[in-house]
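Below: one structure, written as structure tokens.
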Amino acid sequence: MIKKIGILTSGGDAPGMNAAVRAVARTALRRGMDVYGIRRGYNGLINGDVFQMNERSVSDIIHRGGTVLYTARCPEFRTEEGLEKAKAKCNELGLEGIVVIGGDGSFRGAADLSARGILCVGLPGTIDNDIACTEYTIGYDTAMNTAMEMVDKLRDTSQSHDRCSVVEVMGRNAGYIAVNTGIACGAIEIITKEVPYDLNSIAKKMLETKAHGKQNFIIVVSEGVGNSTEIAKILEEKTHIEARATILGHVQRGGSPTVRDRVVATQMGHYAVELLEQGIGNRVVGMQKNEIVDFDIQEALSMKKPYEIELHNMAEEIAF
Ligand code: ADP
Ligand code: F6P
């Protein structure tokens, strides 16, 4: 039976990480384990920046955005020396298992540490929903709802001014936030990296719909597609419809998590401890068909996630 575990959050923060930390801590304590919070991702593991948690350590955090454990990117953890330091620190502290809440990069680190005999379980925590082994990542729902609220506000002013609003949302290389936010906000066009686009056709569609009385033109662009300000400028030149670009940015990473993020984070945190309790490590927890499941980390990292092309096509069909 595992006696002592640690929890850390790594990579970009995501709303719901705190709910996951809470669920891990409370489940482990309930099952008689000692629990340590590790600050600032793998940095805290290497430097021994840890603290013992009790049931009150995770009080009043379920509704808070960000992560109470703080997060960081830790280049040293990618090195042999860094990994050996982390392993030595785990042995010194008696940590037999670690729950790592983060994205693919964090899972690579978790696999490396697992290979050194520390049982690691990864929980998918990122607003991007870009982790292949899971249909859902902690933070995704909150980020989309934040983006939707922001785009709704932009729509008010676009409608009043007969303008086009080009809104850039996050997602790293994935268009999941863009396509869902675009549908929820009635965008005339959704531009993601996964689907080729043509500004001439978009301009033509804007002019056709304008001729039928349309007054606001919301275009949701996924980050990394190109320069949103430039896209707005080109569309304005082609259509003579005034256009403004807005980059929503890190506002999408903050805020109080939605019900879905809190519940999924809690389910996943609970499940991670059940794995560790059975002495199972080197796993990533995910959601498939609404069930919580787990995968070998290497297998999870080798999986590919399809883009939601049906959603994209549906949005295209009804946008006019
Ligand atoms: P995310 O977990 O959100 O994908 P990053 O890619 O920035 O974020 O990774 C977070 C941290 O995970 C890195 O700063 C590093 O400490 C660790 N990490 C990333 N890639 C590796 C790797 N290949 N080997 C070991 N550790 C890694
Ligand atoms: O992975 C989450 C995310 O917010 C991405 O959507 C974005 O590309 C990236 O992190 C931004 O990273 P940083 O916080 O380093 O600016």
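The values are calculated or read from the model by the stated rules, or taken from the named source; none is laboratory data. Note that the structure is predicted; figures quoted are calculated from it, not measured. For neighbour counting, all protein chains shown are included, and Cβ atoms are generated from backbone atoms with ideal geometry for every residue, glycine included. For accessibility, only protein heavy atoms count, side chains too; no ligands or nucleic acids. Shrake-Rupley method; radii C 1.70, N 1.55, O 1.52, S 1.80 Å.
Below is a table of values for the structure above.
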quantity	calculated
Members of segment 24-41 found to be away from ligand 2 (no atom under 16 Å from the Cβ) and open to solvent by 10 Å² or more (accessible area, probe 1.4 Å), listed by number	R26, T27, L29, R30, R31, G32, D34, Y36, R39
Hits in segment 204-232 - residues which are in contact (Cβ under 8 Å) with a residue 40 or more places away in the chain and of a type in the set (G, A, S)	S222, G224, S228, A232
Residue that is most open to solvent (accessible area, probe 1.4 Å) [pool: residues in segment 45-78 that are among the hydroxyl-bearing types (S, T, Y) and touching a residue at least 60 places away in the same chain (Cβ under 8 Å)]	Y70
Condition check for D141: out of contact with any Phe, Trp or Tyr (no Cβ under 7 Å at 6 or more places or on another chain), over 17 Å from S222 (Cβ atoms) and surrounded by fewer than 21 Cβ atoms within 10 Å (Cβ to Cβ)	no
Any hit, segment 273-288, residues being outside any loop (DSSP other than H, G, I, E, B), within 19 Å of the chain's Cα centre (by Cα) and not assigned by TED's automatic domain parsing to the domain that holds A20	no
Out of A23, A86, A110, sole residue that is of a type in the set (A, V, I, L, M), within 27 Å of N173 (Cβ to Cβ) and either within 14 Å of ligand 1 (Cβ to nearest atom) or out of contact with any Cys (no Cβ under 9 Å at 6 or more places or on another chain) (or both)	A110
Complete set of residues in segment 279-320 that are among the aromatic types (F, W, Y) and in contact with a Cys (Cβ under 9 Å, 6 or more places away or on another chain)	F295
Matching residues, segment 159-176, being away from ligand 1 (no atom under 16 Å from the Cβ) and buried (at least 24 other Cβ atoms within 10 Å of the Cβ)	C164, S165, V166, V167, E168, V169, G175
Residue count, segment 3-22 (criterion: open to solvent by less than 10 Å² (accessible area, probe 1.4 Å) and either part of a helix (DSSP H, G or I) or within 19 Å of L275 (Cα to Cα) (or both))	10
Residue within segment 56-67 that is touching a Gly at 6+ places or on another chain (Cβ under 6 Å), at pLDDT 95 or above and within 16 Å of ligand 2 (Cβ to nearest atom) present	yes
Segment 248-262 residues that are under 10 Å from N145 (Cβ atoms), paired with ones that are polar (S, T, N, Q) and assigned to a helix (DSSP H, G or I) (beta carbon under 7 Å, 6 or more apart)	Q252/T146; G255/T142; G255/T146; P257/T142; T258/T142; T258/N145; D261/T142
Spans of strands (runs of 3 or more DSSP E) in segment 150-265 with at least 1 residues polar (S, T, N, Q) and away from ligand 2 (no atom under 14 Å from the Cβ)	164-169, 243-247
Every residue from segment 79-130 that is surrounded by fewer than 24 Cβ atoms within 10 Å (Cβ to Cβ), part of a helix (DSSP H, G or I) and within 16 Å of ligand 2 (Cβ to nearest atom)	D104, G105, R108
Some residue of segment 38-54 being assigned to a helix (DSSP H, G or I) and under 23 Å from A132 (Cα atoms)	yes
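Matching residues to (1) at pLDDT 95 or above; (2) closer than 18 Å to V284 by Cβ; (3) β-branched (V, I, T):
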site	(1), (2), (3)
I7	yes, yes, yes
G12	yes, yes, no
A25	yes, no, no
M33	yes, no, no
R39	yes, no, no
I46	yes, no, yes
